[in-house]
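Input: a single structure, listed below in structure tokens.
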Amino acid sequence: MNYPDHIRYTKDHEWAELVSDTKVRVGITDHAQSSLGDIVYLELPKVGRELKAQETFGVVESIKAVSDLLSPVDGKVAEVNSGLASEPGRINTNPHGEWMLVIETSTAKFQFQTLMDAAAYSSFVKSL
Amino acid sequence: MSMLKRTSLFEEHQRLGGKMVDFGGWELPVQYSGVTQEHLAVRNACGIFDVSHMGELLVKGPGALEFVNFVTTNDASTLSVFQAQYSAFCNESGGIIDDLVVYRLGQEEFLLVVNASNTERDFQHLTNSLARFSGIRPDVTNESANYAQIALQGPKAAEVLQKLTQTDLKKISTYWSAEGLVLGEKALIARTGYTGEDGFELYLSPSSSQKVWRGLLEKGADVGLLPCGLGARDTLRLEMKYSLYGHELSDETNPLEVGLGWITKLSKPGGFIGKGSISDLKLQGPKRALVGIASLGRGIPRQGYLVYDSSKSKHIGTVTSGTQSPSLKKAIGVCLIEKGFETTGTRVWVQIREDLHEFEVCKTPFLDLKKEK
């Protein structure tokens, strides 16, 4: 699997992409989508919700499995990719491009830098 | 060290990139290319499944028919040699110990194909029942280790299998079987399955399973045959509302309430284990019903989720199985609910995590195969 260098990863298999000093986009990794299989359902939070890192912000379901989505950072939900909920299968085809949320926080850049980089995440996945 | 059991096709699953999971103690593929793709291959062309984990119990010798009839709910005396029937083992209270397919292989020889995870328990049940059986006692043996089983399912199944056998498949009707050679290997070729589609289940020696599996992959490639995992097996059976032990069926459910009255022959001669309780239940009328529900919004019902009536305040039952239907592209489920709510069109609510989601009791099978084709 190919993990892009410009995004960062969590051990819960979410990723974060820094889009400005105060905003990150959030999605799930290639490993996550591959473990789940065909994704058929996605439940995302409302804009404005305050999240803590590792707090559940939504649910993703494949045909076989239900899995919680955990926030990679503290912050407020600034934007939700609502179109994705009607075509959740897009996550399978483009996991690192299809973002679910934008989370806004003054410490976005700092929190982003504490997450695993592509090399660290790659070896973490291999160790599983 | 892995304690999981492996079938004779384990290396094939690895070679084909199957995603292996623990399924009731067996290491089996949940999928290869993807559940949706595999599911649709079976609906539109065909697919093959390794179902070698299923258990095979043989009842043979004088008294075989009478004993099979004593332990199963259906009437095996109606079977001709090589005919098959769906049936169940019940306990004295009428609870279901397992569901099974009975193949009559001879006048006094029956092959009972049971759920993998129940095989040991079923075999024990038969052995215990022999001691209580007043007639001539046949031999009962657990032959599971001597059988591999490949299910070939889908509208192109006969076309593909015919390329590998000289047995005339047109002469095998649904729920009949024949002994034949598949790629020169001895097999029981049964026109049975668990998908709703036409298809076959091949009972083979484990040593010949790899050759037949590869032959099917090769001869089926041009019609779109795919190897299919347990994921697709589950969505295919669910679209037909076929029951699965541990979901719809358990020791706590009786055949009448789960829609298996048709395989419960209370008037067959000799009686059977559980008959007394099931007869009483029939007089009282079943208290619950097994119904199909379809989503009116979003949200997928899953086993164990609670079901409420239209007022959202009365708990009326529980979801036994649910999924996103790959054919219908909507969420469907099966639930065991109180009688009185089973009419098609009845609105019910299913609790999915914190929220209630609206569903409608619908006609089943969910998928009308005649209409689709």
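Any read-out appearing in this document is the output of simple, stated calculations on the displayed coordinates, not a laboratory observation. A quick note: this is a predicted structure, and the numbers were derived from the prediction, not measured. Heads up, the Cβs are rebuilt from the backbone with ideal geometry, glycines too, and the neighbour counts pull from every protein chain shown.
Remarks
- Note on the protein assembly as shown: dipole from Cβ charges, positive end direction compared against B:GLY95, B:GLY25, B:GLN83; the farthest Cα belongs to B:GLN83.
- Peptide A:62-68 is shielded by partner chain Cβ atoms: per residue, an average of 6 of them sit within 10 Å of its Cβ.
- The distance separating the Cα centre of the stretch B:305-358 from that of the stretch A:1-62 comes to 30 Å.
- Ranked by the mean number of other Cβ atoms within 10 Å per residue, highest first, peptides B:147-154, A:23-30, A:39-46, B:246-253 order as B:147-154, A:23-30, A:39-46, B:246-253.
- Dimensionless Rg over Rh [the protein assembly as shown; C-alpha; Kirkwood]: 1.02
- DSSP beta bridges in chain B [antiparallel fraction, %, rounded to 5]: 95 percent
- The aspartates and glutamates whose alpha-carbon is closer than 19 Å to the alpha-carbon of B:LYS330, local same-chain residues fewer than 8 away aside, are A:ASP38, A:GLU43, A:GLU61, A:GLU87, B:GLU38, B:ASP234, B:GLU239, B:ASP355, B:GLU358, B:GLU360, B:ASP368, B:GLU372.
- Per-residue mean of foreign Cβ neighbours for B:318-325 is 2 (Cβ atoms of other chains, 10 Å radius).
- Helical content alone sets the calculated 222 nm signal of the protein assembly as shown at -6000 deg cm²/dmol, taking -39,500 (n - 2.57) per DSSP H segment of four or more residues and averaging over every residue.
- Under the Karplus curve 6.51 cos²θ - 1.76 cosθ + 1.60, θ = phi - 60°, whole-Hz ³J(HN,Hα) for the stretch B:225-235, x wherever Gly or Pro sits: 4, 10, x, 10, x, 5, x, 5, 4, 6, 5
- Legend: distances between Cα atoms for B:LYS5/B:LYS241; B:LYS186/B:LYS211; A:LYS23/A:LYS52; pairs beyond 19 Å are B:LYS5/B:LYS241.
- Amide H contacts for A:ILE39 (H built 1.01 Å from N in the peptide plane; partners 5 or more residues away or on another chain; cut-off under 5 Å): A:ASN92.
- Furthest towards positive pole of dipole, B:TYR175, B:THR323, B:PHE110, structure part chain B, Cβ charges: B:THR323
- For the stretch B:55-145, the mean projected area of the C-alpha convex hull, equal to one quarter of the hull surface, is 5.2 nm².
- Simple spin-label estimate for B:SER33 and A:SER34 gives 1.9 nm between the two label positions (7 Å along the Cα-to-Cβ direction from each Cα).
- Normalising the Debye intensity of the stretch B:100-215 to I(0), with uniform scatterers on Cα atoms only, and taking log10 at q = 0.09, 0.21 Å⁻¹ returns -0.28, -1.21.
- Evaluated at q = 0.06 Å⁻¹: base-10 log I(q)/I(0), Debye formula over Cα of chain B: -0.23
- Order by protection proxy (mean Cβ within 10 Å, highest first), peptides B:49-59, A:10-20: B:49-59, A:10-20
- Orientation-averaged projected area, Cα convex hull of the stretch B:287-372 (nm²): 5.4 nm²
- Peptides ranked, highest mean first, by Cβ atoms within 10 Å: ranges B:325-336, B:105-116: B:325-336, B:105-116
- Relative pair counts by distance (%), Cα atoms of the stretch A:7-119, 10 Å bins: 16, 53, 29, 3
- Placing +1 on the Cβ of every Lys and Arg and -1 on the Cβ of every Asp and Glu, with nothing else charged, gives the stretch B:248-362 a dipole about its Cα centre of roughly 240 debye.
- Placing dummy labels 7 Å off each Cα toward the beta-carbon, the span from A:LYS76 to A:LYS46 is 1.5 nm.
- Placed amide H near A:VAL19: partners under 5 Å, 5+ positions off or other chain: A:VAL24, A:ARG25
- Look at where the Cα atoms of the stretch B:57-117 and of the stretch B:129-159 average out, and the two centres are 8 Å apart.
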